1. Would you please list the contacts, defined by Cβ atoms under 9 Å and residues six or more apart or on different chains, that run from a residue in region 206-223 that is within 16 Å of K316 (Cβ to Cβ) to a residue that is of a type in the set (S, T, N, Q) and not in a helix (DSSP H, G or I)?
2. Based on this model, can you work out whether G100 counts as more than 20 Å from K133 (Cβ to Cβ), surrounded by fewer than 16 Cβ atoms within 10 Å (Cβ to Cβ) and modelled with pLDDT of 85 or more?
3. What are the residues in region 91-146 that are of a type in the set (A, V, I, L, M, F, W, C) and under 18 Å from V31 (Cα atoms), if any?
4. Just wondering, is there one or more residues in region 83-101 that are within 22 Å of S32 (Cβ to Cβ) and part of a helix (DSSP H, G or I)?
5. Please indicate, with yes or no, whether at least one residue in region 155-172 is in a helix (DSSP H, G or I), modelled with pLDDT of 85 or more and either surrounded by 12 or more Cβ atoms within 10 Å (Cβ to Cβ) or not acidic (D, E) (or both).
6. Examine region 12-24 for a residue that is of a type in the set (S, T, N, Q), at pLDDT 90 or above and either over 19 Å from I137 (Cβ atoms) or in the same structural domain as D146 (by TED's automatic domain parsing) (or both), and state whether such a residue exists.
7. Out of the residues in region 108-125 that are in contact (Cβ under 8 Å) with a residue 60 or more places away in the chain and within 26 Å of the chain's Cα centre (by Cα), state the one that is surrounded by the most Cβ atoms within 10 Å (Cβ to Cβ).
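The values are calculated or read from the model by the stated rules, or taken from the named source; none is laboratory data. Keep in mind the model is a prediction, meaning the values are calculated, not measured. Every residue, glycine among them, receives a Cβ derived from its backbone with ideal geometry; neighbour counts consider all protein chains shown.
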Amino acid sequence: MEPVQMAVYLGISIVMLIFAFFLSASEISFVSIPSQRVSHLLRLNLKNAEILEYFRDNYHRTLILVLSGQIISVIIATTLLTAIAEEIIGWLGIVVIDIGMTIFALIFVQIVPKKYGLENEKFALSFSPTLKKISKIMYLVILFFDKETTLFFKILKIKKEKERAIEEGEMESMLKQSQMELDILPDEKKMIEKVLAFNDVTVAEPMIPIVNAETLNINSEENKISEILTNAKNDFIIVYENNNIPGILNVKEGLKNIVKIRDSPELQKSLKTSLKEILIAPYFVEKDKKVGAVFKEMKEKRLKLAVVIDENKKVKGIVKMENMFEEIVGGV
């Protein structure tokens, strides 16, 4: 083997090993950066953040790219170095290179680059464009192995594990860790704790007892109804008839109806009938139901308040969206 050819082989081998080093570093770098951090980088419009997000969101394909690239690089380097060693020391060169490359690959293609790439944000951002170009070159390789692994999973009936929700205990541990690392203020910590406890609090806690709630007897005289609606402190009021609650009244709409009937006697309609036509159907919730569930349901139904009942269907009070929200921000 000519010295020039030997030098070329050696040069290509070094390039391949450096390439394998960076591929290995990128493998751990992309997955170790938290998704919320990537989202923050996107909001800052940081250069290459979108490419980083792509590789992180498509980690299965990224892993195929990185691992296949590493294997190809190490095989090329090993083959060329073996040829050089065999030329210099004969068949013994094959043994030396095989053992040497195994140790070298373990240290400099696995351990060292992964330690370097761990949570290395700058490296991930700077290497992303290069990896994107490599992924285009190796597109067919990635596609082949992607299809093969999918087929393998189907044959063995292996299902991908769905993303699970973070449990409350994990969130509390994350909060404690964040407080130590990020100096979270006591008020901020208190608010986060309230959010975590949101699903443990029952409706009975933010509930306003029915005796303290604004209510309207539909059978009252027109003047009394007008007075109650005029002096109402809330936008919505509970309407009751005998021992029943036919609905919830929008105070503004109720006042409009009073004026409408007074100004148009020809309508021949009683105020009671008129108000009943515009009542909102009451939303009943049991007092031991969790605030988080009720809050979500009321938000979906676009309701401002709900009527709280006990296990015997007896009305105990009302709960408003703002009261439940105060469970998070109140007292902070």
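1. A213/N234; E214/N234
2. Here the answer is yes, as G100 does meet what is asked.
3. V109, I111, V112, L118, F123, A124, L125, F127, L131
4. no
5. Scanning region 155-172, I find at least one residue that is in a helix (DSSP H, G or I), modelled with pLDDT of 85 or more and either surrounded by 12 or more Cβ atoms within 10 Å (Cβ to Cβ) or not acidic (D, E) (or both), so the answer is yes.
6. From region 12-24, those of a type in the set (S, T, N, Q) are 13, 24; that's our starting set.
From what is left, the residues that are at pLDDT 90 or above are 13.
Now restrict to residues that are either over 19 Å from I137 (Cβ atoms) or in the same structural domain as D146 (by TED's automatic domain parsing) (or both): 13.
Yes, the conditions are met somewhere in region 12-24.
7. Pass one, region 108-125, residues in contact (Cβ under 8 Å) with a residue 60 or more places away in the chain: 108-110, 112-114, 116-121, 123-125.
Subsequent filtering for residues that are within 26 Å of the chain's Cα centre (by Cα) retains 117-121, 123-125.
Numbers: G117: 24, L118: 14, E119: 12, N120: 18, E121: 15, F123: 18, A124: 27, L125: 18.
The qualifying residue surrounded by the most Cβ atoms within 10 Å (Cβ to Cβ) is A124.
Conditions tested, residue by residue: (1) at pLDDT 85 or above; (2) surrounded by 13 or more Cβ atoms within 10 Å (Cβ to Cβ).
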site	(1), (2)
E2	no, no
S29	no, yes
S73	yes, yes
A85	yes, yes
V96	yes, yes
